[in-house]
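What follows is a single structure, written as structure tokens, with notes after it.
The values are calculated or read from the model by the stated rules, or taken from the named source; none is laboratory data. Computed from a predicted structure; not experimentally measured. Methodologically, a virtual Cβ is constructed for each residue, glycine included, from the backbone with ideal geometry; neighbour enumeration extends over all protein chains shown. For the accessible areas, the whole protein counts, side chains as well, though only heavy atoms, and no ligand, DNA or RNA atoms are used. Shrake-Rupley method; radii C 1.70, N 1.55, O 1.52, S 1.80 Å.
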Amino acid sequence: MALYSAAAAVLEGLERGDGGVKSLVYNSRFPHVRQLYALVSETLRYSPVLEKLLAGAALLQAEKKLPPQLAKVLVYDLLFGKGLKCGGRWKALARRHQTRLEAELARLKVQQKVSCNEDLLRLCLTRPDSPASQVPRYVRVNTLKTCVDDVIDFFKRQGYSYLGKAASVEELRALSGKKFLSDLHLPELLVFPPQTDFHDNLLYTSGHIILQDKASCLPAFLLSPAAGSHVIDACAAPGNKTSHLAAILKNKGQIFAFDVDTKRLATMNTMLMRAGVTSFQLAQQDFLTVDPGDPKYNKVTHILLDPSCSGSGMVNRLPREEAAPSAERLQALAGFQRKALSHALCFPALRRLVYSTCSLHREENEDVVQAVLQERGSAFRLVNAFPSWPCRGLAAFPGAECCLRASPADTLTHGFFVAVLEPCGEGAAAPR
């Protein structure tokens, strides 16, 4: 029952706007993070179907003490998952309504003229205008363990049709069925239709592929440290960006990764080991307390700073969880982000820094960058990163167009913001 309670708590946190799926899962303290993340992700994916089933079967009206998010989780596992794994009163309650729920599911399939659950979800019940229904499934090939060609061959043997490299975002938007493409921007990214699920796929469970949104791959890609570099990942958990950095470094050099939460670090360590990452040191420490003058960090030339944010760009959230965060919360987040960015720029050997958030709000993005650049005078400059990227920063200050933005509508990704900073006078790397 602990699994279902934890999943329901994550869904309730999403509904309140407490954070994104990954942060809530990793902060849940549930011991089996991968199991919890998979259940929450699949419950969210089936949410349109589950809402219709709950309404049609009148389950919440019949069981007034059953919390709505717990009902969703239970019904998902009962009808679409691997069967209920709990005992006690909630299992008895779900079993009591199983026949009615199964009949409602059959009625929906007949009504929509489909025969399987995936078709019901994909073709009939996802809102065509919802962000989650537009964003493809992105798969980053973990080059520490395999190569892109071998992963493509693996999926072809599993019955997928490879269509080559995409020439436009519209080609990604048109993906359907068991077809996939190589991404047009990032060479180690494969793109599948939105509802594709790989949580049980051998390549995922063995660490050969990482399920990571395209926008989330931009920070490490744009930081682009050379093999052998010393790099800081300032707010590192859950670790996808850290593993991406290690792949770019080819496991040569050193990554110093920080997070304040012991549980998140332990989970991250497991994830990095599974991904074959060896060149890293994890530290349970607030990045703001890390001493830039410590000799340990005197070779750090690259920093990736992806601090806590509102998560307003994440599309895999509940429909009701779309209200803007309060002005007080935005102000508090922006204050922390400014401190973190200013602190990161104090490392003496720094040659390139990437600042990123999964937020849509100017207060956490352009305003933070502008404030810190002004504070630093002429010591640092914005790099015109990735000139071919279609979405640029808001015109909040001169040069803000050097920043990148991403969105479901324009780039078929989660909402995201990225800024690349370098010391003035340094020989800049060629813009990516």
Legend entry - Residue count, the range 326-356 (criterion: open to solvent by 50 Å² or more (accessible area, probe 1.4 Å) and modelled with pLDDT under 95): 6
Inset, instruction - Sort out which residues of the range 365-410 are of a type in the set (Ser, Thr, Tyr) and either under 26 Å from the mean Cα position of the chain (by Cα) or assigned to a helix (DSSP H, G or I) (or both), and write them in order of number. - result: Ser388, Ser407
Legend entry - the range 164-199, subset in contact (Cβ under 8 Å) with a residue 60 or more places away in the chain and within 20 Å of Ser243 (Cβ to Cβ), residue least open to solvent (accessible area, probe 1.4 Å): Phe198
Legend entry - Exclusive hit being over 28 Å from Asn201 (Cα atoms), more than 23 Å from the chain's Cα centre (by Cα) and either free of Cβ contacts under 8 Å to residues at least 60 places away in the same chain or surrounded by 20 or more Cβ atoms within 10 Å (Cβ to Cβ) (or both), set Leu105, Leu101, Leu84, Leu74: Leu101
Legend entry - Subset tally (residues that are part of a helix (DSSP H, G or I), modelled with pLDDT under 95 and either in contact with a Leu (Cβ under 9 Å, 6 or more places away or on another chain) or not β-branched (Val, Ile, Thr) (or both)) for the range 203-230: 1
Inset, instruction - Might you check whether a residue that is farther than 28 Å from Arg173 by Cβ, modelled with pLDDT under 95, open to solvent by 10 Å² or more (accessible area, probe 1.4 Å) and among the hydroxyl-bearing types (Ser, Thr, Tyr) occurs anywhere in the range 397-409? - result: no
Inset, instruction - Would you be able to say whether some residue in the range 149-163 is touching a residue at least 60 places away in the same chain (Cβ under 8 Å), open to solvent by 50 Å² or more (accessible area, probe 1.4 Å) and of a type outside the set (S, T, N, Q)? - result: no
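Residues checked against (1) among the β-branched types (Val, Ile, Thr); (2) within 27 Å of Gln69 (Cβ to Cβ):
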position: Ile248; (1), (2): yes, no
position: Asp261; (1), (2): no, yes
position: Met268; (1), (2): no, yes
position: Gly293; (1), (2): no, no
position: Ser312; (1), (2): no, yes
Inset, instruction - Evaluate the following for Val368: is it without any contact (Cβ under 8 Å) to a residue 40 or more places away in the chain, among the β-branched types (Val, Ile, Thr) and touching a helix residue (DSSP H, G or I) at 6+ places or on another chain (Cβ under 7 Å)? - result: yes
Inset, instruction - Quickly run through the range 26-40 and pick out the residues that are surrounded by fewer than 19 Cβ atoms within 10 Å (Cβ to Cβ) and within 16 Å of the chain's Cα centre (by Cα). - result: Asn27, Arg34, Ala38
Legend entry - Filtered residue count, the range 340-364, keeping only those that are touching a residue at least 40 places away in the same chain (Cβ under 8 Å), more than 22 Å from Gly20 (Cα to Cα) and not in a strand (DSSP E or B): 9
Inset, instruction - Inspect the range 306-325 for any residue being under 30 Å from Leu202 (Cα atoms) and either of a type in the set (Val, Ile, Thr) or at pLDDT 95 or above (or both) and give the result as yes or no. - result: yes
Legend entry - Matching helices (runs of 4 or more DSSP H) fully within the range 1-70 where at least 1 residues are touching a residue at least 12 places away in the same chain (Cβ under 8 Å) and closer than 20 Å to Asp119 by Cα: 33-45, 47-57
Inset, instruction - Give the residue, chosen from Ser359, Ser388, that is surrounded by 21 or more Cβ atoms within 10 Å (Cβ to Cβ) and more than 23 Å from Lys299 (Cα to Cα). - result: Ser359
Legend entry - Matching residues in the range 411-421 - criterion: being farther than 18 Å from Gln337 by Cα and not in a loop (DSSP other than H, G, I, E, B): Thr411
